[in-house]
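All remarks here apply to the structure that follows.
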Amino acid sequence: MKIDDVHRCPYCGYMYQTALGQNVFSNMFSEPGGSVAVHSVIFVCPHIACGKPEVAVEAGAVHASMKGKADADRQKIVCDLPGSFFSERLLPNDSGGKPEFKADSVPDAVFRDYDEACRLLKASPSASATYARRCLQNMVRKKFKLKPGKFQNEIKILSNMAGQVRQEVIDALERVRKIGKFKAMPEDDVRIIGEVTYMEARQIIEIIEVILFDWFLAPAERDKKTGSLKAKLGGGA
């Protein structure tokens, strides 16, 4: 489980620098000579008005850097476990969308579908994936002013927009289109969907979060800074 240098509190949205032993507590456990390890991480928001804990747990194969290490040394190791087969945020219990995506720059309909996909992830991965796919389609249509149509055709349109859409995004959307039994159903009907695993549904949500930042949050922040710069330059003229 990767611990980034900067973390955003899921409760209040506060961004802070992570510091092991201060606002981040990491422990790695594995049975002696075993092949499976469990990594637990606790984030404690340092904002004086919040201070709430976030708890995440990941299970996967023993990392090479852990082999031959004593238990005390293992707990100091911070790394992604290879072949992760379980990864879950235990706290907060509310598994709705992340607060930063409630920004004005994100269309309400897009956030509602994203938020619902997050809330349904544990209870019904298939239902979660249905909302997530609709969210992605709405994102494509809102961002590029496309008329509603088949997801496959919309992806083809984006693939021809060189310079406006990164190839990684095209590949991610194509991956979503093929998950479960989407490809075996009418492309413009997502009310019914075949079986989707938890990890597949979660992957779609992670794709949404990356694209939300890329298409909506980053441009809005860039425009804000540009406007501020123009105001300063104008004031100093």
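Pairs are defined by a Cβ separation below 8 Å, a sequence spacing of at least 6 or placement on different chains, a first member in region 140-163 that is under 18 Å from D113 (Cβ atoms), and a second member that is surrounded by fewer than 13 Cβ atoms within 10 Å (Cβ to Cβ) and at pLDDT 90 or above; no pair meets this definition. Meeting the requirement of 2 or more residues that are over 16 Å from the mean Cα position of the chain (by Cα), basic (K, R) and farther than 30 Å from S40 by Cβ, the helices (runs of 4 or more DSSP H) wholly within region 87-187 are 125-144, 167-178. Taking the criterion of being over 18 Å from Q203 (Cβ atoms) and acidic (D, E), the only residue of region 126-169 that qualifies is E154.
Considering only residues that are surrounded by 17 or more Cβ atoms within 10 Å (Cβ to Cβ) and at positive phi, which ones fall in region 128-156? Within region 128-156, no residue meets the criteria.
Output the residues belonging to region 11-28 that are outside any loop (DSSP other than H, G, I, E, B) and either free of Cβ contacts under 8 Å to residues at least 40 places away in the same chain or not assigned by TED's automatic domain parsing to the domain that holds L81 (or both). Even if it seems obvious, please write down each step before you answer.
First, the residues of region 11-28 that are outside any loop (DSSP other than H, G, I, E, B): 15-17, 20, 24-28.
Once the filter is applied, which keeps residues that are outside any loop (DSSP other than H, G, I, E, B) and either free of Cβ contacts under 8 Å to residues at least 40 places away in the same chain or not assigned by TED's automatic domain parsing to the domain that holds L81 (or both), region 11-28 yields M15, Y16, Q17, V24, F25.
Determine whether region 113-122 contains at least one residue that is in contact with a Pro (Cβ under 7 Å, 6 or more places away or on another chain) and either acidic (D, E) or under 22 Å from G13 (Cα atoms) (or both). The answer is no, given that none of the residues of region 113-122 is in contact with a Pro (Cβ under 7 Å, 6 or more places away or on another chain) and either acidic (D, E) or under 22 Å from G13 (Cα atoms) (or both).
Of all residues in region 38-57, one or more are more than 25 Å from E209 (Cα to Cα), touching a strand residue (DSSP E or B) at 6+ places or on another chain (Cβ under 8 Å) and modelled with pLDDT of 85 or more.
The values are calculated or read from the model by the stated rules, or taken from the named source; none is laboratory data. Just so it is clear, the structure is predicted and the values come from calculations on it, not from any experiment. Positions of Cβ are generated from backbone atoms using ideal geometry, with glycine treated the same way; all protein chains shown enter the neighbour counts.
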